[in-house]
Structures are given as structure tokens and as C-alpha cells.
Amino acid sequence: MDEKKKQNKNKDKKITRRDVIKGLATLPIAGAVVYGAYKKRHYEKALNRTIADELGMSHIQPEVAPVKSGGKEIRIGLIGFGIRGKQLAKGLGFVHPAEIDEWLAGTQANKNDTRYSDFLAQEDLNIKITAVCDIFDTYGQMAREAAANVHRQGTGGKLEELPERYLNYRELIASPDVDAVIIATPDHWHGPMTIEAARVGKHIYCEKPMSWSVEETYEMRKEVKGNNVVFQLGHQGRQTDAYGKAREALEKEILGPVNLVEVTTNRNDPNGAWVYPIHEDANRNTIDWEQFIGQAPWHEFSLERFFRWRCWWDYSTGLSGDLLTHEYDAVNQIMRIGIPKSAMSTGGIYFYKDGRTVPDVLTTVFEFPDKDLSMVYSATLSSQMSRGKRIMGHDAYMELGNTITIYPDPGSTRYADKIGKNILKPDVPMYSYFPGKKDVDAVTSATELYFADRGLLYTYRGGKRMDTTHLHLKEWIDCIRSGGTPSCDVDQAFEEAMTAHMGTLSYLHKKQVRWNAEKETILI
Amino acid sequence: MNLKNKNYSGNQLVWLVILRIAIGWHFLYEGLVKVLDPGWSSIGYLLDSQGFLSSFFHSMAANPEVLSTVDFLNQWGLVLIGLGLMLGALTRWAAYAGMLLMAFYYVSHPPFIGITYILPTEGNYLLVDKVLIEFCALGVLSIFPTGRYVGLDRFLFKRKQ
């Protein structure tokens, strides 16, 4: 009996032909999935390769320039500690303890708030802020405390010796403790300060726009060049790596002939329209009003004018100088368009009827006949509808922001064959570039684009998040140490300034203005 | 027909196996796509999370080490669950694991009133979405396993039979 049981058990254990067929029946289907996945992947890769070969784009990702922070410590004088001055100081590695408190609280409330850890990770540039100047007492004191916060700590942390606060910028520039100055003042002070600093051989980082008036622009360039100082204009977009890729695409003529470029500004909040908050400590006694006025026409003391100076031509350059310049400089960086032959602006004060003199809606058309190119700038401060930079070529169209997307044009000559064979599809990008992503591929999804536009793709993984302002300052400091030329040097700045002035002058004179390239003058 | 003894009728067995293969195919392919794409990451999906557990999923995305673990578990989990269902190997465990994964997907992107997502972009749902249906289907497969009839479980569980 036991023997029989055993035999039965053995029989059960025995694998029959039926077992094998039923047991492995689904194996071929699993094989089909794996084979199918491989085929599909292979097809996409081959397609990518075909397009990539056709375009000839490199797969090089820009890297942060090697650290040059060795050598002599550079002593910086900071002029202006308003909104932008604070951001620049942060880019240099100096933040007021109270702001760090805010970041720390932010991190506690929300783990995704990485402002403080990002700041700690920011490279030490081996510099020292030895002098500060702000004509508003509260900002002046804050600038000192920020400059002394070498250890990047919150309130109660260790501060190094507070630098001297100068009441007049001239004394700061003249100080033997200052090697280089950062100018983050209202526009009407950029010229006089740059000229004075260059004359005494101090290196200059000047916020954009380069100048407030046409006349001072020539002298600024002359003094910067004549005195051999390192000048960098504050267009931090020069560090946006997508622009480098865009330039490569243009150089490789992927877009074909480009006849129209459209750049835009869309903002829709008081802050974006320069209606900045007025500090509670501000009054006639805490602000040096006479120094604020400078070369501007005299006006009675006004807190609005002091804090919201961008709203008046007396101190500002309006949309043209403040926001067009960023767009223009990006296009000039990518396409080397130079100063336009003519400019024609229209617009008005249509939304912010708050006493300002600069328009809140502006459209300017710049002509570059030598390059067979028109550039349209259109701006509004009362709609946030997002429009990127659009570079329109006969063969393809490029949308540019922090990312690049290139679509083939249905009427393209160069890609007609590939479009016919369905290798390229007009509604599918033929090239996309997302900074920080490992792979640069030609076939991509709308979702990826959505995330990239919001800066989500290159924030967390592996790669570091870099602040473009920091990189732009770093480039300037590296050039001071090693004697190179910064990317937004005085020649680039000159082109930026003249282009912006042409836009403004056309608006003010209600007529087209022209550029005389030989004499380097604007003809109204 | 005696379901208690898992003696399915011919038609029942055919459809249960088809369902198992279909879900297995879906998992396996989703997994392979991710494994084969070196640039793939779950970061976008995690950051898109909304609803009552969104902060948990966001924190996964924020931490690079956690993120790479999540990526690894997700892509290989999909592959192994897919293979399990497809080949009928450890079928019941594959179904449970698949349900767990679906539950994560569901709570990270609950289709509640007033919530809209970037991902996925297809379809409109109210409480019941495709993830939930796949979860339910896996529930069915875990109760009616077929690996011992058609699949490798025939060998794996031979002794017990």
C-alpha cells in the first residue's frame, strides 16, 4: 500500500508533456512583448539618429566654468542695496541674516523650499565686500550686515567686521579698499558711476540697461576701454545654457533663412509693473533725496518716485530699457544681430493710470535690412499670457525660453523630403533641449515640455540647480582674476543701450528713428 | 463547476488567462520602456501628485536618494509583476504586488472632484479611473489564480498539488 502511494506521488511529481505545454503556453507572448519593446525602442532611436544626423547638433552639455576662486581676494564695493542689489549680493554669497531666517522658516514649513540649501551650495567666490553705499539709511545698514554675514547664518549667527558704509558713491569708488564696484542703482545713475569708476581703474559690474541717455553711452564705452577695466553688463541671461544651444542651432542653419523674430514681455501684477512697496522707515530724513535726483530734473521729495522710480522717464528707461533689453540681449547673443537700422514704437499708458510717464503697453519693430530680418517686441503689463521668444525660419521654427523646441515648417525646402517620408512631422518637435536632462533627444512629449517650462526638469536630480545671476557675477570675477573678456562686455552693452534708446526715442517722438552706423548716431 | 476547488470551466479559464496576459503585457511593457530609457525618472509624475498624500509623494521627488530608489523599484517592479502575470509564475503574489503599485498610483493621483492633473493627459474620470479598474482586475486575478493551469506555477506548485 505504502509503495503504491509512493509510486503515485512520484507520478505526480513527474513532469508530463501536457505540463510543459500548459506551463509554458504564455512564454511566447512574454517573448513577443520583450521583442516588441526592443523593436519600438530601436525604431525611435533610429529616428532620433536620422534627425540628429540631419541637424548635426552636438550632444555637449554646457558645464560650469572651472573654479578660479584661488588667488587674490577681490574687494568689492556695492552701490545700491534695493531689490536688485540684494539679489546681486546673494549671487556673490552675501545675504542679510533676516532673509536667511525667512528661508529657514520656509524650509521648515515646506521641505521643497530649498532656497537655503541652494545658497549654501553656491560656490565661494573668494571675494570680500569692503564697502557699501545706499542713500536710504535702512538699506545702507542692511547692506553692511549682509556683507558681514560671511558664514551665511541667520539672526544671532556670527558676523565678521561690518564694512564701511559710504554716504556718497564717489567716496566708495575712490576708496583704496575697493578693487571693483557693483552698480545696482536707478538707470540714471549707471552712466555717471560707470564713468567715474572706470577713470580710477575700478572694474565694473553694471546692472542693465547700460545707460539712461544716448550721450553718456559713448563716454561710458570710451572710459571702460581706455582704462582697461573689466566691464560686465547685468544680463544674466548670458548664462542660460539653452541660449548657447540655440546659437548652435542658428549657426548650423537648422532653421533656414530667418526673417522674423518675435520677443515679448507679459506681466500682470503691481510688482511686475514696478509698483514696489514703500519701506516704512523711509522719509525725508532717512533718504538723501538730492543725491537720488542726480542728473534728473528736479522734483520735490516723493516716496513713490524713490521706490517706484521705474515708472518715470526722469530716472528710468521704461519697458525698452528694463525689459526689452533682456529679450534683445538674448537674441543678440544667439544671432549676433547688432544695432538695428531703424526702430518704430507705439504704445501708451493704458492700464496703470497712476501718474507714471512710461508706457505699460509697447510694441516696437526693429529692422535689420542687412540681415533680411525684422524683430518685433511686444509688451504688456496687464496680461500674463505667456509667450516665448519665437525665431521663425523658412525651414523650421524655434520656441525659446529656458528650453528649446524646434518644429519643422510644413513649407520647408530643406526638410521637404523628410516630411514627405514621415520622418519629420510638422506638429512634432524635431529637436528639443532641456538643460540638465541626461539625454538630448529629438522625439519628446508635450508633458516633458510642460515640466521643463516650469523649471521642474533640471531642478533635483543629480545635477545642481544654478542661479544665473551668480554665474554671471562669477564670470566677471573670473575675468578680473584671469584677464578675459566677460560675455556681456562693453561692446555688447553698447549695442543693447543704443537699441533700447532707439525704441524709447521712437515712442517719445512718435516716428521711426534710424541708426547711422558710420557715425554711430541715432537719427530722429 | 466547483470554484472552491478552482476547477474552472473551459471558458472561464480562457478569459481569466486572457485577462492575466493582458495586464501582464501592460505591466511588462511599461516596465521595459522605463528600464530601456536611461533618462527616465518618476520625478515628473511624483511632482504632479495632488490630494491628501501629495506632500508624501513630493518629498520622494525632492530627495535624490529616495527618488532613485523609487525609480528602481517602480521600473523593475513593473517588469517582474508583468513577467509573473504573463508567465503565470507566483501569480497570486504578482497580483498582490500589482495591486499595491496601483494603490500607490491611485492615491498619488486621486481622481477627485476639483483636482486636475498634468499627467495623465487622456480621459476624464470621477473616482473610478483606469488605475482603479486595473487594481480591481488584479483583485479578481488574485482570487481566481490561473498560473497552476496555464503557467509556470504548474511546476512551482506541483508538489503541493
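All of the numbers you see were taken from the coordinates with simple rules; none came from a lab. What you see is a predicted model; the values in this text were computed from it and never measured. Backbone-built Cβ (ideal geometry, glycine too); neighbour counts: all protein chains shown.
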Which ordering of A:221, A:17 is given by a fewest-first count of other beta-carbon atoms within 10 Å? A:17, A:221
Size of charge dipole - region A:240-523 - debye, nearest 20, with Cβ of Lys, Arg +1 and Asp, Glu -1, no other charges: 580
For region B:1-136, build the charge dipole from Cβ charges (+1 Lys, Arg; -1 Asp, Glu) around the Cα centre, then report which of B:83, B:72, B:113 sits farthest towards its positive end. B:83
Find which of B:63, B:102, A:503 sits farthest along the positive direction of the dipole of the protein assembly as shown, computed with +1 on the beta-carbon of Lys and Arg, -1 on that of Asp and Glu, about the Cα centre. B:102
Segment residue A:214-residue A:524, length gained on full extension (0.36 nm per residue, minus Cα span): 110.4 nm
Listed residue (A:332, A:318, A:274) projecting farthest to the positive dipole end of region A:269-381, Cβ model: A:332
About the Cα centre of region B:8-156, how large is the charge dipole given +1 on each Lys and Arg Cβ and -1 on each Asp and Glu Cβ? Please answer in debye to the nearest 20. 540
Give me the net charge for the shell around residue A:169: Cβ to Cβ below 11 angstrom, other residues only, Lys and Arg +1, Asp and Glu -1. -3
Enumerate the calculated ³J(HN,Hα) couplings along region B:67-81 in order (Karplus 6.51 cos²θ - 1.76 cosθ + 1.60, θ = phi - 60°), each rounded to whole Hz, writing x wherever the residue is Gly or Pro. 4, 5, 5, 4, 4, 4, 4, 5, 5, 6, x, 4, 5, 5, 4
Region A:278-342: GluC sites (Glu not before Pro) in DSSP coil with no more than 13 other Cβ atoms inside 10 Å: A:280, A:300
If you fit an axis through the alpha-carbon atoms of helix A:137-148 and take the longest principal axis of the Cα set of chain A, what angle between them do you get, 0 to 90°, nearest 10? 50
For region A:293-364, which trypsin sites (Lys or Arg not before Pro) are in a loop by DSSP, counting at most 14 other Cβ atoms within 10 Å? A:336, A:353
Let's test this: bin the Cα-Cα distances of region A:124-200 at 10 Å from zero up to the farthest pair and state each bin's percent. 18, 48, 29, 6, 0
Please list the equivalent ellipsoid semi-axes of region B:8-156, computed as the square roots of five times the alpha-carbon gyration tensor eigenvalues, in descending order and whole angstrom. 29, 18, 12
So what's region A:213-364 giving for Cα Rg divided by 2.2 N^0.38 Å, two decimals? 1.28
Any idea what the dipole of chain A comes to, in debye rounded to 20, about its Cα centre with Lys/Arg Cβ at +1 and Asp/Glu Cβ at -1? 3540
If one compares the long axis through the Cα atoms of helix A:2-13 with the longest principal axis of the Cα atoms of chain A, the angle in degrees, nearest 10, works out at 50
Identify which of B:46, B:138, B:126 has the largest mean-square fluctuation in a Gaussian network model of chain B, with springs joining Cα atoms closer than 10 Å. B:126
For region A:240-523, what is the Kirkwood estimate of the hydrodynamic radius, computed as the reciprocal of the mean inverse distance between distinct Cα atoms, to one decimal in Å? 21.2
Taking the Cα-to-Cβ direction at residue B:65 and at residue A:18 and moving 7 Å from each Cα, how far apart do the two end points lie in nm? 5.5
Sorted by chain and number, the residues with a modelled amide H under 5 Å from that of residue A:521, at a separation of 5 or more or across chains, are A:516
Rg to Rh ratio, region A:74-238, alpha-carbon atoms and Kirkwood radius? 1.00
Could you compute the longest span of chain B free of chymotrypsin sites (Phe, Trp or Tyr not before Pro) located in DSSP loops and having at most 16 other Cβ atoms within 10 Å, not counting the site residues? B:53-111
Only sites in a loop by DSSP and with at most 13 other Cβ atoms within 10 Å count here; which GluC sites (Glu not before Pro) in region B:48-146 make the cut? B:122
Determine the principal axes of the Cα atoms in the protein assembly as shown, then give the extent along each, sorted from largest to smallest and rounded to whole angstroms. 117, 65, 50
With both partners inside the protein assembly as shown, how many of the DSSP beta bridges are antiparallel, as a percent to the nearest 5? 60
In whole Hz, the Karplus estimates of ³J(HN,Hα) for region B:22-31 (6.51, -1.76, 1.60; θ = phi - 60°; x where Gly or Pro) are 4, 5, x, 4, 4, 4, 4, 5, 4, x
Set the bar at 32 Å for Cα to Cα. Now go through A:111/A:474; A:90/A:202; A:39/A:111; A:111/A:202; A:128/A:225; A:252/A:421 and name every pair that lies beyond it. A:39/A:111; A:111/A:202
Please compute the net charge surrounding residue A:365, taking Lys and Arg as +1 and Asp and Glu as -1 over other residues with Cβ under 12 Å from its Cβ. -1
